[in-house]
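Below: the structure, in structure tokens.
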Amino acid sequence: MSDKLIIFDTTMRDGEQSPGASMTRDEKLRIARQLERLKVDVIEAGFPAASNGDFEAVSAIAQVIKGSTVCALARANDRDISRAAEALKGAASGRLHMFLATSALHMEKKLRMSPDQVFEQARQAVRFARQFTDNIEFSPEDGSRSDPDFLARVLEAVIAEGATTINIPDTVGYGVPELFGQLVRSLRERIPNSDKAVWSVHCHNDLGMAVANSLAAVKIGGARQVECTINGLGERAGNTSLEEIVMACRTRRDYYDLDIGVDTSQIVPASKLVSQITGFLVQPNKAVVGANAFAHASGIHQDGVLKSRDTYEIMRAEDVGWNANKIVLGKLSGRNAFKQRLDELGIKLDSETEVNEAFVRFKELADRKSDIYDEDILAIVSEEEHSHDNEFYRFVSLSQRSETGERPHARIVFAEQGKERTSEGEGNGPVDATLNAVERAVASGAEMVLYSVNAITTGTQSQGEVTVRLAKGGRIVNGVGADPDIIVASAKAYLAALNKLHSKSERLNPQHGPAAA
């Protein structure tokens, strides 16, 4: 086996299965470009058969990504595989990834198929996929709860048919590190043709052991690919965290003795981008990418770090990208400086018109706050992209009144299909009054399942970034808005979420679609 560990990122596929994390095509393109800068080996861009939107996103990513392999997921049937292959046309390097459940529970209750039927379908699916590519990955869904004898039989057959990567999923986070590592090792030892494929693992974090299980599979089992997501994003308790896998192997190179091609300085920028797009905030004490990951509050710790950093720091903050939070521009900065900073951040706008519009927003923000940070620019670009994408509603202006002892009142002006509307409302606070005013006019009937506020940078001049998550008719969508005025940011976020609900092209919550490994 190679001494290189392949990093397979599934943020845009499995990560998107988190309720409310559904991404648009343009958002996926931004993340894909950042993952390419991060130098991940494989980018799983989506599930083309799940929706037309996902097909278009995978196809777009396949056209632009050159430095990483672009992967598309499919169920083990001809229709899904053909759809995935079509989406990957034109990719510099493409991979078909198919899955089929192999645990007794899933075969009986979900698939309603016998083990022999599952065995034959797995073989036929890989054989069918061979006409499109030689880069084929097969995942036995719920592998960690599958009968080892049956699992070995299926995997030997799919390798014989041409599968080049075998991925063992711990689909429900049931695994325990030692046992999971031993399962992967025993499969590799007992399957005669196991050396014809790269062995991979895909672990979920239901018991908080996704990273530990993945590393055990690498060290004990000999796996040489780990499937993971930025910030550990994923359905239920999430997936294996990419940043933790990469930095564990890098920091403990003495133990794992593996090469990883990831550019670790791009980890924090990737984390912030995914958090900003999905609205899923990173907990402050999250390893590697949390705001407190390199903070030292204890006097003893502070003294030690001042004398020698390695007394309490096993990694350098700058090695994972924490030095990126710097003042970059101000109100006197010109268009060329702004455009250059966009290039440095890896932001690609489609036209000069979009650059100009983003620059106007930048100047407006610079008039309101003295220092503009990278995070501010990312928020400006995100808002600019959303203004061109499904903009049924658009924020215009807001006035609100709130004083002690009086019920808050808000008056909002917003555009609906280009026509201005005015509405007023009251509430328990200024945010509640503002959103009530919007809802009074649009009568969406959506349920708000999340409202959160995050300061984009530090200080009282910071922009507030608000995430609103709405649910209606089986759909769960996020809206994100940013503004130095939290009330305005809240209105923008609510309208952004309504735009997604209104859009017919916005995909269903992936958890309501086909289940995946």
The stretch 210-234 residues near the modelled ASP259 label - backbone nitrogen below 16 Å, point 7 Å along Cα→Cβ: 224-225
At 0.36 nm per residue, and after removing the present C-alpha to C-alpha distance, how many nm does the segment from LYS4 to ASP350 gain when stretched out fully? 121.0 nm
At 1.567 mPa s and 4 °C, Stokes D of the stretch 327-386 from Kirkwood alpha-carbon radius, µm² per second: 115
For the chain, calculated [θ]222 nm from helices alone, where every DSSP H run of n ≥ 4 adds -39500 (n - 2.57): -12000 deg cm²/dmol
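Taking neighbour Cβ counts within 10 Å as the exposure measure, how do THR251, THR460, THR434 sort from fewest upward?
Working: THR251 14, THR460 7, THR434 26.
Final ranking by Cβ density, sparse to dense: THR460, THR251, THR434.
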Pseudo-spin-label distance ASP134 to LYS331, built 7 Å along Cα→Cβ, given in nm, is 6.2
Assuming R0 = 30 Å, what is the FRET efficiency of VAL360 and VAL64, from their Cβ-Cβ distance, to the nearest 0.05? 0.70
Only Lys, Arg (+1) and Asp, Glu (-1) charged, at Cβ; the stretch 327-386 dipole about Cα centre in debye: 320
If the only charges are +1 at each Lys and Arg Cβ and -1 at each Asp and Glu Cβ, what is the size of the charge dipole of the chain around the Cα centre, to the nearest 20 debye? 360
Between ARG153 and LEU105, what FRET efficiency follows from the Cβ-Cβ distance if R0 is 25 Å, with the result rounded to 0.05? 0.90
Mind jotting down the distance between the C-alpha centroids of the stretch 395-446 and the stretch 126-168, whole Å? 55
How high is the FRET efficiency from VAL176 to LYS39, r the C-beta distance, R0 35 Å, rounded to 0.05? 0.65
Approximate spin-label separation LYS419-GLN340, in nm, with each point projected 7 Å along Cα-to-Cβ: 4.8
In whole angstrom, note down how far apart the Cα centers of the stretch 175-198 and the stretch 68-83 are. 24
For the stretch 6-278, give the magnitude of the charge dipole about the Cα centre (Cβ charges: +1 Lys/Arg, -1 Asp/Glu; no others), in debye to the nearest 20. 360
Restricting to bridges with both residues inside the chain, how much of the DSSP beta-bridge set is antiparallel, in percent to the nearest 5? 50
Where a label projected 7 Å from the Cα of GLU120 along Cα→Cβ would reach, residues of the stretch 143-170 with amide N under 19 Å: 150-151, 153-161
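Just so you know, all these numbers are worked out from the coordinates, no wet-lab data involved. Everything quoted here is computed from the prediction, not taken from an experiment. For neighbour counting, all protein chains shown are included, and Cβ atoms are generated from backbone atoms with ideal geometry for every residue, glycine included.
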